[in-house]
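Let me begin by presenting the structure, written as structure tokens, before commenting on it.
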Amino acid sequence: MSNKKDIYILGIESSCDETAAAVVKNGREVLSNIIFSQISLHTLYGGVVPEIASRQHIEKINQVIRKALSEANCTLDDMDAVAVTYGPGLVGALLVGVAEAKAICYAKNIPLIGVHHIEGHISANYIEHKELEPPFLCMVASGGHSHLVMVKGYGQYDIIGRTHDDAAGEAYDKVARAIGLGYPGGPKVDAVAKEGNPEAISFPRAKVEGAEYDFSFSGLKSAVLNYLNQCEMKGEEIVIADVAASFQAAVVDVLVDHTISAAKALNVDKVSIAGGVAANSALRASMNKACQENNMIFYYPSPILCTDNAAMIGAAGYYEYLNGNFAGWDLNAVPNLKIGERAV
């Protein structure tokens, strides 16, 4: 292991449809962050096709890593470790990144670090908020996840709330498809919602009995579909912008309400958001307002660090490195990996 004062981590992320590599210095300084997005390919199919995603990762991963090293003015010999997403995600896509990371670590005789994708998203906040340290509450919302996570320390997490069905981003994608906006749903609904009235249609704000901080978005999705069907049956005009704005208001209300309620109950005054849905303009504005009203400090990453990227994996990997949490050569992709599980 290196005795250098500075620690350089190569981060690799390939859990879904972005092939990404980054060089991160001392956990918080990003020297490069290269992302190859496959969105244009998957848009043809209305969503991510796992087999196509895996093939694209294989084609692009070496190019992306080379570019990340070049932009950081580094070589593999400068790296102290490689951190890679090993779950959750699409198994074929994850395997490409894991195999690549193993090969580099074996060739260069440096530690291999397995990073949980959600812990990566949470760690994106460390990159832009150098002063942020645990404990704090983080609301993670993406295409596959809706979690309220109490960050007790680096690498120490308690799940306070989780989704029982559709994740927030998944609901966005399904509603976007239903109103003809296509894929990816999140940014498209967000853009159209700006033109609509969020109070035009009354959609439900679901509560989960016996689990006040948990989420459920399938009922909301069904309510939107039912509204659209009823309008068509009655021959009534459907105002797409109003549907988008009203749906988005329902999602944002629940995410913000649960987060602030949990922060109060846990006596936490630092709140952050992470994940693809954290790039949503309405969510950012609403959470910021709620935090100000409750004397809480609000942290959020730039939109580029909300979507899947490797800088966040390098940041998370740094703290695993300091804790000596290294993976063996038997590290495997774990598509349904639970947060807090370790790659050992």
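Tabulated results
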item	result
Yes/no for Ile179 being surrounded by fewer than 23 Cβ atoms within 10 Å (Cβ to Cβ), modelled with pLDDT of 90 or more and closer than 25 Å to Gln230 by Cα	yes
Candidate set: the stretch 295-322, residues that are at negative phi and surrounded by fewer than 14 Cβ atoms within 10 Å (Cβ to Cβ); chosen: the one farthest from the chain's Cα centre (by Cα)	Leu322
Selection within the stretch 303-339 - hydroxyl-bearing (Ser, Thr, Tyr) and at pLDDT 95 or above	Tyr318, Tyr319, Tyr321
Members of the stretch 2-40 found to be closer than 19 Å to Val91 by Cβ and either not in a loop (DSSP other than H, G, I, E, B) or not assigned by TED's automatic domain parsing to the domain that holds Ala93 (or both), listed by number	Ile12, Glu13, Glu18, Thr19, Ala20
Whichever residue in the stretch 26-54 is modelled with pLDDT of 90 or more and farther than 15 Å from Thr307 by Cβ and, among such residues, is surrounded by the fewest Cβ atoms within 10 Å (Cβ to Cβ)	Asn26
Set Val175, Val271, Val251: member being within 20 Å of the chain's Cα centre (by Cα) and not in a helix (DSSP H, G or I)	Val271
Filter result for Met150 (in the same structural domain as Lys270 (by TED's automatic domain parsing) and either at pLDDT 95 or above or over 22 Å from Gly324 (Cβ atoms) (or both))	yes
Flag for Met312 being assigned to a helix (DSSP H, G or I) and either closer than 19 Å to Gln156 by Cβ or in contact with a Lys or Arg (Cβ under 9 Å, 6 or more places away or on another chain) (or both)	yes
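The values are calculated or read from the model by the stated rules, or taken from the named source; none is laboratory data. In this text, all values refer to a predicted model and were calculated from it rather than measured experimentally. Quick reminder, even Gly has a Cβ in these numbers, built from the backbone with ideal geometry, and neighbours come from all protein chains shown.
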